[in-house]
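Report on the structure given below.
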Amino acid sequence: MADYSALKKKVNELANREWDAAAIEARVKKMVKEGIPRKKLIPEEILANKQQILDRVQRRAEEYNFFLKNCPQGTALALLEEFGLGSMEVIKALTPFPSIGGTGKTCGGITGSLIAFGLYFGSDNPPEPEKVRKAIITAQKFMARFQETIGYMLCADIIEKITIGQRINPGESEASMAIFAKEKGFEKCGLLPGTGARLAAEFIIDSMK
């Protein structure tokens with residue numbers, strides 16, 4: 001069951017955080033220029049440093065969401081960077097994905113994570129039904145865990161119940177976006193990329209056992 005008191009506390013922390021905007025921008029620009037660095041994933045090392053990795057992925061997802069103003073991009077970029085997956089073209093492709101085209105539907109903390117699952121668990125030589133099955137089962141378990149942690153999966157519900165306190169869809173009009181920005185929505189909604197990326201990273205790491 002979601003701990004709404006803890007979630008509200010985290011939202012307030014994000015709203016009042018001193019963001020190192022220059023450092024965040026420099027990291028993103030470096031990946032734009034040079035690409036996402038490839039990594040040789042060594043399961044023993046990753047499992048031994050699991051908590052450190054989860055903390056780093058969560059923080060990076062919060063920071064990238066703050067800079068990019070795009071929750072699925074922030075979520076995915078933190079995961080792709082951590083595990084050496086994909087490319088910045090993947091991040092570009094996620095441009096219209098916040099709340100599924102700004103409709104208030106599925107949270108970007110979910111969709112950005114599912115992209116990472118596809119890259120990590122998916123096939124380089126499709127079709128491979130067993131890999132498809134693994135990715136889908138992982139996605140289902142992840143989404144259940146996300147809903148258990150946050151209480152909701154739809155952007156509109158999360159904004160109303162947890163981050164902003166009123167039912168508003170930033171994508172529906174310039175006026176709505178102005179209200180969202182005034183209420184520090186981009187800062188507060190870092191909760192969702194942070195949570196999604198952390199949970200997704202845990203599923204990836206646990207698959208290495």
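Summary table below
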item	result
Any hit, the range 96-117, residues being among the hydroxyl-bearing types (Ser, Thr, Tyr) and in contact with an Asp or Glu (Cβ under 9 Å, 6 or more places away or on another chain)	yes
So Gly86, is it at positive phi and not polar (S, T, N, Q)	yes
Answer residue from the range 137-146, given it is loosely packed, with under 15 Cβ neighbours inside 10 Å and under 18 Å from the mean Cα position of the chain (by Cα) and is nearest to Ala15 (Cα to Cα) among those	Ala144
Top-ranked residue in the range 102-120 [being open to solvent by less than 10 Å² (accessible area, probe 1.4 Å) and modelled with pLDDT of 95 or more; ranked as nearest to Lys69 (Cα to Cα)]	Gly108
Elements of type helices (runs of 4 or more DSSP H) in the range 147-208, at least 2 residues being open to solvent by less than 10 Å² (accessible area, probe 1.4 Å) and either of a type outside the set (D, E, K, R) or more than 16 Å from Thr111 (Cβ to Cβ) (or both)	191-206
Residue check for Lys39: in contact with a Gly (Cβ under 7 Å, 6 or more places away or on another chain), at negative phi, of a type outside the set (A, V, I, L, M, F, W, C) and surrounded by 11 or more Cβ atoms within 10 Å (Cβ to Cβ)	yes
3 or more residues of a type in the set (Phe, Trp, Tyr): qualifying helices (runs of 4 or more DSSP H) within the range 53-146	108-121
Residues within the range 53-101 that are crowded, with 22+ Cβ neighbours inside 10 Å, free of Cβ contacts under 8 Å to residues at least 40 places away in the same chain and hydroxyl-bearing (Ser, Thr, Tyr), tallied	0
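The values are calculated or read from the model by the stated rules, or taken from the named source; none is laboratory data. Computed from a prediction, not measured in an experiment: that's the story for all the values here. Please note: Cβ atoms are built from the backbone with ideal geometry, for glycine as well, and neighbour counts cover all protein chains shown. Note: areas computed on protein heavy atoms with side chains; ligands, DNA, RNA excluded. Shrake-Rupley method; radii C 1.70, N 1.55, O 1.52, S 1.80 Å.
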